[in-house]
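Student: One structure is given below, represented as structure tokens, and several questions about it will come after.
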Amino acid sequence: MRGLRKILHSLRASSGGFTLLELVVVLAIMGFLVAMIAPRLAGVVAGAQRNADDTNISRLLQATSQFQERTGRLPAEMTNLVVETGTDEYQAPNVSNNDPGDGKEAFSADLGAVLPLHIHLLSEAEANELIRLGITEVRNFNPSTAVDPLYNGIPALAPTLERVPVDADTPVLMVGAGHDVGGWVNSLGVAQNILHPSFAYRIVLGFGQDSELVTEGQLQGAAISPQGTQTDNYLFNNYLLVLPRLQATIDRGPDVLEVTASNAAGQEETFDLTERQRNFELTVLSPEGRTVPPATVWTIQ
């Protein structure tokens, strides 16, 4: 930069103004400097966003755990990540194809690559267990172009963030499998990646603007990830909460009771998917499927 200032000073001293050639030389030097610095700045910004994400994940988990200890329940008004496409018809939101040219899908491609999500219709016993945890009602995601004009996904019939009670047959998203009117629809029996096999048969909700943690002032803003706001690839930019596996889900008799999986570190284990989890065994994820500490992705055999 000092060299550039010297050049500008000498050009001013030698004439009353800049010639076209002199301006071209200066612009070429500035363009060269920008080309050298921009990639480094982009890396710094991306690293800062990841650090902020990690901090937010830790704070969200801490805030949720403290709320649970203080009240004996989970925060109300969580986002139920489903799309109502017709009367009593629901689908899981679509996953980004990483092409901003065709608009935004609902979920990030990174999340879809490590967290297989399925529509799951609650049984009466599952609904009652969720209610005991404090999840008495939820707000259905129902993404639309009204929320973001760039949205390009499954059209929702119902309003965005419509409040619905938790009851038998309420649709939710479950990791790895789901039970619909015809029985269990299960993808755990096929080779696929999953953030961790212990996530199987667990319900996933989102932190949204209506979450009790936000409305009570325990969270600033609406639990939005700084990384998610920088992309035109997907719509859902909020953090997610993976609930503990419900005892009522285990009692419902999933098709796959254990899986064998391996990870990039060379570990191979068999996981019991019917193992009961305690109420405080919660996990917070970023919209890109990041955890703190970072999880090692497993591949189900």
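A short reminder: the numbers here are calculations on the coordinates, not readings from a lab. Predicted model, so just to flag it, every value in this text is computed and none were measured. Counting neighbours? That spans all protein chains shown, and the Cβs are built from the backbone with ideal geometry, glycine included.
Student: Pairs of Cα atoms under 8 Å, at least six residues apart: use those to get the relative contact order of the chain, whole percent.
Tutor: This gives 21 percent for the chain.
Student: Contact order normalised by length for the stretch 185-276, with contacts defined as Cα pairs under 8 Å and 6 or more residues apart; what percent is it?
Tutor: The normalised contact order for the stretch 185-276 reaches 31 percent.
Student: For the stretch 156-218 and the stretch 114-143, compute the distance between their C-alpha centroids and round to whole Å.
Tutor: 5
Student: Using R₀ = 25 Å, calculate the FRET efficiency as 1/(1 + (r/R₀)^6) where r is the Cβ-Cβ separation of LEU33 and ASP232; round to 0.05.
Tutor: Plugging the Cβ-Cβ distance into 1/(1 + (r/R0)^6) gives 0.35.
Student: Taking K and R as +1 and D and E as -1, what net charge do the other residues with C-beta under 12 Å from the C-beta of GLU126 add up to?
Tutor: Residues close to GLU126 contribute a combined charge of -1.
Student: Next up: Using 0.36 nm per residue of separation minus the Cα-Cα distance, give me the extension gain between THR299 and ALA191 in nm, one decimal.
Tutor: 38.2 nm
Student: With no solvent and one equal point scatterer per Cα, compute the Debye intensity ratio I(q)/I(0) for the stretch 200-272 at 0.17, 0.26 Å⁻¹ and report its log10, rounded to two decimals.
Tutor: Debye curve over Cα of the stretch 200-272, log10 I(q)/I(0) at q = 0.17, 0.26 Å⁻¹: -0.87, -1.10.
Student: Also: Return the long-range amide H neighbours of VAL138 (sequence gap of 5 or more, or a different chain), with a cut-off of under 5 Å between placed amide H atoms.
Tutor: Distant-sequence amide H within range of VAL138: VAL164, VAL166.
Student: Residues with amide H under 5 Å of THR85's amide H, sequence separation 5 or more or different chain, H placed in the peptide plane at 1.01 Å from N; which?
Tutor: TYR90, GLN91, LEU157
Student: While we're here: Residues with amide H under 5 Å of ASN238's amide H, sequence separation 5 or more or different chain, H placed in the peptide plane at 1.01 Å from N; which?
Tutor: SER225
Student: After finding the eigenvalues of the alpha carbon gyration tensor for the chain, what semi-axes result from the square roots of 5 times each, listed largest first in whole Å?
Tutor: Over the Cα atoms of the chain, the ellipsoid semi-axes are 46, 21, 19 Å.
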